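One structure below.
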Amino acid sequence: MAEMSETTSGAAKDAFGGPFLYAPAPESRAVVDLAPSYGLFIDGEFTEAADGQVFKTLSPSTEEVLSEVARAGAEDVDRAVKAARRAFGPWSALPGAERAKYLFRIARIIQERSRELAVLETLDNGKPIKETRDSDLPLVAAHFFYYAGWADKLAHAGFGPDPRPLGVAAQVIPWNFPLLMLAWKIAPALAAGNTVVLKPAETTPLSALFFADICRSAGLPKGVVNILPGYGDAGAALTAHPDVDKVAFTGSTAVGKEIARTVAGTRKKLTLELGGKGANIVFDDAPLDQAVEGIVSGIFFNQGQVCCAGSRLLVQESVAEEVVDALKRRLTTLRLGDPLDKNTDIGAINSAEQLARITELTDAGEAEGAERWSAPCELPSTGHWFAPTVFTQVTQAHRIAREEIFGPVLSVLTFRTPAEAVAKANNTPYGLSAGIWSEKGSRILAVAEKLRAGVVWANSFNKFDPTSPFGGYKESGHGREGGRHGLEAYLDVR
Amino acid sequence: MSDKPEPTVRLSVFKTYKLYVGGKFPRSESGRVYEVTDSKDRPLANAPQGSRKDARDAVVAARKAFGGWSGATAYNRGQVLYRVAEMLEGRADQFTREVAEAEGLSRAKAAAQVSAAVDRWVWYAGWTDKIAQVAGGANPVAGPFFNLSSPEPTGVVAVLAPQRSSLLGLVSVLAPVLATGCTAVVVASEDRPLPALTLGEVLATSDVPGGAVNILSGRTAELAAPLAAHQDVNAIDLTGAPAELAVELERAAADNLKRVLRPADAEGDGEDFTADPGIRRLTPFLETKTVWHPTGSLGVSGSAY
């Protein structure tokens, strides 16, 4: 059993004996050919940064350096925007059916290379291979496939008989779903006839650079897609560039507000996908076993580093104890460890900075009087890790009930009536997602109607589909990505 | 005796054209064939001359395939239709020759028809998961109800393919039926059936489930009559029916209230298949289903922000 204990060393033995013992089942890294260094992708070419700056991208689970990447500065931003501007004329003049075929090609190449890309994403991001393989990559390919089909059907999308593209789109994406967020940004932008300059997050630049290579394989005209790895300064320079027509950002609410101030007074169209503090509401008539699974996937999917995570559990008082007990039992069976292992449920936290933020907020939770429980699992000695954690005795005043933690931490609150559940669910500046668990259809729909949230999942959570619009109310941002609605963000509909 | 054998010209292998029914390639149960000629009346091949029984068998196959095909996700149907485009592209040369011979076109003009046919599959591949958002939607009824209308495929569709445009016209009428989730029984152009019969070979290798598309060749009037009158056919596309026949078929179709798509003009076949097809060939084969559900009341207004 010695060799088997490796993946299960973190597992505590509770009444159920913890997780079953599994032999390690790591996905092979050999399917990914990582270069020692990568450049910026501007005008169809990989190039160094103008000032020669580079940065290292690390594996969050081992802290090894994966590669060295060129770091874009203001000069590079200008070069990329110019390339996108030059490409815009011919690209937007192409018949929609021809643009569609480029996007279909991209979708097909992503499908073909999905195993490689899943491993790459897991290496750079730290999330379990189970998620990149079964969730991220299939959605990425589906997103390109879906928007490919819109490119020649824009006249049918409900935005007038001949909707026009905006021009050059500046797109800044986060590190939690690197390639999926890229797909959400680039696919509709290109389908509508725009050209793009995209900045991936500094901790997860690699899949975007592999995507640049896919654009070349697909024969995409130069300058239509430009990829600028870099930090916040590059993002700020990009969104502030006078020659961009559209700004799309996914990330924190604080940065989103800064961008909104930056584009004020310009002609730039803006869409923002920001933070959340999703309420997952469990009524006493809910199928509780199913609800527990939904709570788990709602907050522990991608280590809780999800803007639409169900980070606040609102459970009806009469079943609160039963639900929390079942939840804790379930959490002791989760496997935390090597993200490349196919049995891993909980991977690494993406960066030391993010881990520090989670730690700071959970410490505040304890200090403010909430009761902390963490799944009794042993954390690996290298890398960034955080055990699945549940807070009970949480009040609405606690920071852990108000601020986005962006980690595997659930705050449990209780309610007595549906009206109280709605009031508590809406008591946040955010409004991205919510969940409702009940067997009664009319109750689900009545509650859904009152929730100020852009996505409401009934008896399910964290469901995504390219045809389904996603986005937030209030300070979770504005605009929608996905579906017919997602086209509006990239069309001149004034 | 000479040292070297006489050089011989290799004799080519002719193809036996067959029907495409239930994912298989049967001959007509009637054992009949008819000679197909090119535009200058030179013989090209024999095509099976399908019978009423073949038509009925095809309906059975289409009905059997309907559950699986209509139950597949729209995304999956889109992938399959795109796969048809990929397969057709790979056999472009063969289709260019067949279309050129069938329609008396130059090689370049025939190639353009084939390219347009490939693109037509791509166009409809993109519609499978979009038509619901264009043709359906939430209805703001004056009451506490969730009310949503969604399009659903009507069932088995009999398709009389255009008589002149042997491939592009055929694809233009077949692909939308498949895109909606319906299954099809196609009657190929009477005089130009060969590209249609070859298309069956493409469909058979494109992940299209057997029976979702069935292709018959023969006399249009003979095959169309039993289809128009068939009680297990939900809709009929009369595009390839000559004017007098179209009226007769529409009348027969009324017996079980088939959805009928009439020919575009009195000629029955004057349609320009190179034009943007829009959604006019999708909606005739879709039923709209509206679901009501009470939303209940919480008796509170909730937060206004």
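The values are calculated or read from the model by the stated rules, or taken from the named source; none is laboratory data. Because the structure is predicted, anything quoted here is derived from the model rather than measured. Backbone-built Cβ (ideal geometry, glycine too); neighbour counts: all protein chains shown.
Summary table
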| read-out | value |
| --- | --- |
| Members of region A:442-485 that are more than 17 Å from residue A:294 (Cβ to Cβ) and of a type in the set (Gly, Ala, Ser) | A:442, A:446, A:454, A:468, A:471, A:472, A:476, A:477, A:479, A:482, A:483 |
| Residue check, residue B:191 more than 25 Å from residue B:82 (Cβ to Cβ), of a type in the set (Asp, Glu) and not in a helix (DSSP H, G or I) | yes |
| Residue in region A:92-109 that is in contact with a Cys (Cβ under 8 Å, 6 or more places away or on another chain) and either surrounded by fewer than 19 Cβ atoms within 10 Å (Cβ to Cβ) or modelled with pLDDT of 95 or more (or both) present | yes |
| Checking residue B:117 against (1) surrounded by 21 or more Cβ atoms within 10 Å (Cβ to Cβ); (2) aliphatic (A, V, I, L, M); (3) within 9 Å of chain A (Cβ to nearest Cβ), the condition it does not meet | (3) |
| Residue under evaluation residue B:18, criteria (1) farther than 22 Å from residue B:167 by Cβ; (2) touching a Lys or Arg at 6+ places or on another chain (Cβ under 8 Å); (3) in a loop (DSSP other than H, G, I, E, B), criterion not met | (1) |
| Selection status of residue B:80, more than 30 Å from residue A:142 (Cβ to Cβ) and among the β-branched types (Val, Ile, Thr) | no |
| Any hit, region A:278-285, residues being small (Gly, Ala, Ser), within 20 Å of the chain's Cα centre (by Cα) and over 17 Å from residue A:387 (Cβ atoms) | yes |
| Residue A:314 being at pLDDT 95 or above and surrounded by fewer than 24 Cβ atoms within 10 Å (Cβ to Cβ) | no |
| Residue match in region A:458-476 (condition: without any contact (Cβ under 8 Å) to a residue 40 or more places away in the chain, buried (at least 21 other Cβ atoms within 10 Å of the Cβ) and in a helix (DSSP H, G or I)) | no |
| Residue satisfying condition, being within 14 Å of chain B (Cβ to nearest Cβ) and either crowded, with 22+ Cβ neighbours inside 10 Å or closer than 22 Å to residue A:74 by Cα (or both), within set A:201, A:169, A:187, A:212 | A:187 |
| Close pairs from region B:151-169: first in a helix (DSSP H, G or I), partner charged (D, E, K, R), Cβ under 7 Å, at least 6 apart | B:168/B:120 |
| Count of residues meeting criterion [among the small types (Gly, Ala, Ser), within 11 Å of chain B (Cβ to nearest Cβ) and in contact with a Ser or Thr (Cβ under 6 Å, 6 or more places away or on another chain)] in region A:454-494 | 2 |
| Residue ID - nearest to the chain's Cα centre (by Cα), chosen from residues in region A:75-91 that are surrounded by fewer than 16 Cβ atoms within 10 Å (Cβ to Cβ) and either farther than 30 Å from residue B:123 by Cβ or without any contact (Cβ under 8 Å) to a residue 24 or more places away in the chain (or both) | A:75 |
| Search result, residues across region A:431-447 that are within 11 Å of chain B (Cβ to nearest Cβ), of a type in the set (A, V, I, L, M, F, W, C) and either part of a strand (DSSP E or B) or closer than 19 Å to residue A:297 by Cβ (or both) | A:444 |
| Residue check, residue B:227 assigned to a helix (DSSP H, G or I) and either of a type in the set (S, T, N, Q) or crowded, with 24+ Cβ neighbours inside 10 Å (or both) | yes |
| Every residue from region B:138-152 that is in contact with a helix residue (DSSP H, G or I) (Cβ under 9 Å, 6 or more places away or on another chain) and either more than 12 Å from chain A (Cβ to nearest Cβ) or under 30 Å from residue A:145 (Cβ atoms) (or both) | B:146, B:149, B:150, B:151, B:152 |
| Residue that is farthest from residue A:122 (Cα to Cα) [pool: residues in region A:141-187 that are hydrophobic (A, V, I, L, M, F, W, C) and touching a Gly at 6+ places or on another chain (Cβ under 8 Å)] | A:154 |
| Check on residue A:137, of a type outside the set (Phe, Trp, Tyr) and within 21 Å of residue B:277 (Cα to Cα) | no |
| Options B:175, B:110, B:179, B:161; residue that is modelled with pLDDT of 95 or more and within 12 Å of another protein chain (Cβ to nearest Cβ) | B:179 |
| Residue in region A:394-411 that is aromatic (Phe, Trp, Tyr) and not in a loop (DSSP other than H, G, I, E, B) present | no |
| Residue within region B:86-101 that is modelled with pLDDT of 95 or more, within 13 Å of chain A (Cβ to nearest Cβ) and closer than 30 Å to residue A:111 by Cβ present | yes |
| Helices (runs of 4 or more DSSP H) wholly inside region A:114-221 that include at least 1 residues being touching a residue at least 12 places away in the same chain (Cβ under 8 Å) and over 23 Å from the mean Cα position of the chain (by Cα) | A:137-150, A:206-217 |
| Candidates B:135, B:221 - the one that is surrounded by fewer than 24 Cβ atoms within 10 Å (Cβ to Cβ), closer than 21 Å to residue B:258 by Cβ and within 14 Å of another protein chain (Cβ to nearest Cβ) | B:135 |
| Some residue of region B:37-47 being out of contact with any Asp or Glu (no Cβ under 7 Å at 6 or more places or on another chain) and buried (at least 16 other Cβ atoms within 10 Å of the Cβ) | yes |
| Residue match in region A:420-430 (condition: more than 14 Å from chain B (Cβ to nearest Cβ), closer than 15 Å to residue A:278 by Cα and touching a residue at least 40 places away in the same chain (Cβ under 8 Å)) | no |
| Failed item in (1) touching a residue at least 40 places away in the same chain (Cβ under 8 Å); (2) more than 9 Å from chain B (Cβ to nearest Cβ), with residue A:396 passing the rest | (1) |
| Only listed residue being aliphatic (A, V, I, L, M), under 27 Å from residue B:103 (Cα atoms), under 13 Å from the mean Cα position of the chain (by Cα) and away from chain A (no Cβ under 13 Å), chosen from B:156, B:186 | B:186 |
| Matching option when the condition is touching a Pro at 6+ places or on another chain (Cβ under 6 Å), within 22 Å of residue B:132 (Cβ to Cβ) and either surrounded by fewer than 19 Cβ atoms within 10 Å (Cβ to Cβ) or charged (D, E, K, R) (or both), among A:484, A:480 | A:480 |
